[in-house]
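Student: What follows is a single structure, and I will ask about it in a moment.
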Amino acid sequence: MRRALLLALLLGSCSPVAVPLQRAPSGVASLNPCADAILAEVADPQQISALSAYSRDPASSSMDVNLARRLPSTGGTVEELAALRPALVLSGTFTPPATRKALETLGIPLVELPIANTVEQSEAQVRQIAQLTHHPARGEALIARIDAALQAAKPQNSAIPINAVVWQSGGIVPGDQTLIADLLRRTGFTSFSAAKGLRQADYLPLEAMLADPPQLILAAGGHGEEDRLLAHPALANLPQTRRAPLAPSLLWCGGPTIIRAAGRLAEIRRTIAPLPQAGGAGGGQAQSSGPTT
């Protein structure tokens with residue numbers, strides 16, 4: 001849960017800062033793991049001064065960790081950025097004021113990227129980063145891959161939406177106005193937590209889950225937390241509720257992460273027969289053949 005909260009603070013929520021560039025940057029430093037993943041897709045390797053250190057850690061990376069480890073990295077300190085002297089810095093919207101002031105003093109443009117709450121917002125960020133690195137065609141190619149993945153994951157029109165809850169470590173659930181909620185809708189699910197009026201990072205206790213169970217529990221813990229959540233003895237009393245792990249790295253970022261998230265959600269849905277709603281916010285009285293793994 002601490003890691004999820006840390007990433008929420010890192011990624012923030014604010015309007016992006018438009019920074020016009022008159023020339024292709026000689027180097028871009030990213031302090032944000034979501035920006036890292038997009039930057040690695042659209043920029044030339046020599047254009048990347050550094051990616052954030054988060055992308056080297058499998059627990060917080062949203063890109064190929066091996067690729068991230070082959071590229072320079074930064075912890076985002078002023079000292080590191082002053083030594084790197086990048087032509088541009090990408091960050092989330094919680095950039096420390098001291099870092100922002102130091103970059104201004106050094107004459108290094110800063111672009112702060114908000115959390116993308118929809119696919120459209122994420123694709124706009126792809127275009128923004130591709131334009132800043134002067135590779136707009138690569139941005140459009142990535143967007144085409146995202147759209148193709150979403151189209152492939154789209155259920156048939158006759159498919160009944162499956163009521164699902166994304167259950168993170170500590171019982172935390174995502175809000176309705178989030179990217180994962182948008183992806184759930186696009187891949188044939190409805191949000192159990194939204195139906196209960198829960199917001200981003202609200203707590204859904206096990207007791208509430210047992211009292212009105214959803215049709216599907218997507219356990220998004222980390223470091224074995226998925227197994228712990230799915231193996232809770234009380235869940236054995238919900239034979240009509242399916243259960244499946246969902247990597248927490250699929251919740252945080254857009255860009256190329258959408259491709260993997262859409263594929264995983266489609267995979268989960270294909271293993272579940274259409275389940276009829278049966279009243280209540282959870283609709284958990286559906287037929288089921290057991291847990292999904």
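Student: Return the pairs, sorted by first residue and then second, in which the second residue is β-branched (Val, Ile, Thr) and part of a loop (DSSP other than H, G, I, E, B), the first residue lies in region 63-78 and is closer than 14 Å to SER30 by Cα, the beta carbons are less than 9 Å apart, and the residues are 6+ apart or on different chains.
Tutor: If the second residue must be β-branched (Val, Ile, Thr) and part of a loop (DSSP other than H, G, I, E, B), the pairs left are GLY76/THR95.
Student: Identify all residues within region 100-111 that are of a type in the set (Gly, Ala, Ser) and part of a loop (DSSP other than H, G, I, E, B); write none if there are none.
Tutor: GLY107
For (1) modelled with pLDDT of 95 or more; (2) on the phi > 0 side of the Ramachandran plot; (3) not in a loop (DSSP other than H, G, I, E, B), each residue gets a yes or a no:
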{"position": "SER61", "(1), (2), (3)": "no, no, no"}
{"position": "ARG69", "(1), (2), (3)": "yes, no, yes"}
{"position": "GLU80", "(1), (2), (3)": "no, no, yes"}
{"position": "ALA83", "(1), (2), (3)": "no, no, yes"}
{"position": "VAL89", "(1), (2), (3)": "yes, no, yes"}
{"position": "THR95", "(1), (2), (3)": "no, no, no"}
{"position": "ALA98", "(1), (2), (3)": "no, no, yes"}
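Student: Still on this structure, I have one more. Out of the residues in region 100-113 meeting the condition of being touching a residue at least 40 places away in the same chain (Cβ under 8 Å) and touching a helix residue (DSSP H, G or I) at 6+ places or on another chain (Cβ under 6 Å), tell me which one is surrounded by the most Cβ atoms within 10 Å (Cβ to Cβ).
Tutor: The initial filter retains those residues of region 100-113 that are touching a residue at least 40 places away in the same chain (Cβ under 8 Å), namely 109-113.
From the residues that got through so far, the ones that are touching a helix residue (DSSP H, G or I) at 6+ places or on another chain (Cβ under 6 Å) too are 110, 113.
Details: LEU110: 19, LEU113: 25.
Here the residue is LEU113.
Student: Suppose we filter region 129-154 for residues that are surrounded by fewer than 20 Cβ atoms within 10 Å (Cβ to Cβ), within 27 Å of LEU90 (Cα to Cα) and not hydrophobic (A, V, I, L, M, F, W, C); how many remain?
Tutor: Within region 129-154, residues that are surrounded by fewer than 20 Cβ atoms within 10 Å (Cβ to Cβ), within 27 Å of LEU90 (Cα to Cα) and not hydrophobic (A, V, I, L, M, F, W, C) number 8.
Student: In region 155-204, which residue that is over 21 Å from CYS34 (Cβ atoms) and among the hydroxyl-bearing types (Ser, Thr, Tyr) is surrounded by the fewest Cβ atoms within 10 Å (Cβ to Cβ)?
Tutor: Once the filter is applied, the top-ranked residue is SER158.
Student: Kindly provide the set of residues from region 43-72 that are of a type in the set (S, T, N, Q) and either crowded, with 19+ Cβ neighbours inside 10 Å or within 17 Å of the chain's Cα centre (by Cα) (or both), ordered by number.
Tutor: GLN47, SER49, SER52, SER55, SER60, SER61, SER62 - these are the residues of region 43-72 that are of a type in the set (S, T, N, Q) and either crowded, with 19+ Cβ neighbours inside 10 Å or within 17 Å of the chain's Cα centre (by Cα) (or both).
Student: Taking only region 113-139 into account, find how many residues are among the aliphatic types (A, V, I, L, M) and either in a loop (DSSP other than H, G, I, E, B) or within 24 Å of LYS154 (Cβ to Cβ) (or both).
Tutor: The total comes to 6.
The values are calculated or read from the model by the stated rules, or taken from the named source; none is laboratory data. On a predicted model such as this, the values are computed, not experimentally measured, just so you know. Cβ: placed from backbone, ideal geometry, glycine included. Neighbour counts: every protein chain shown.
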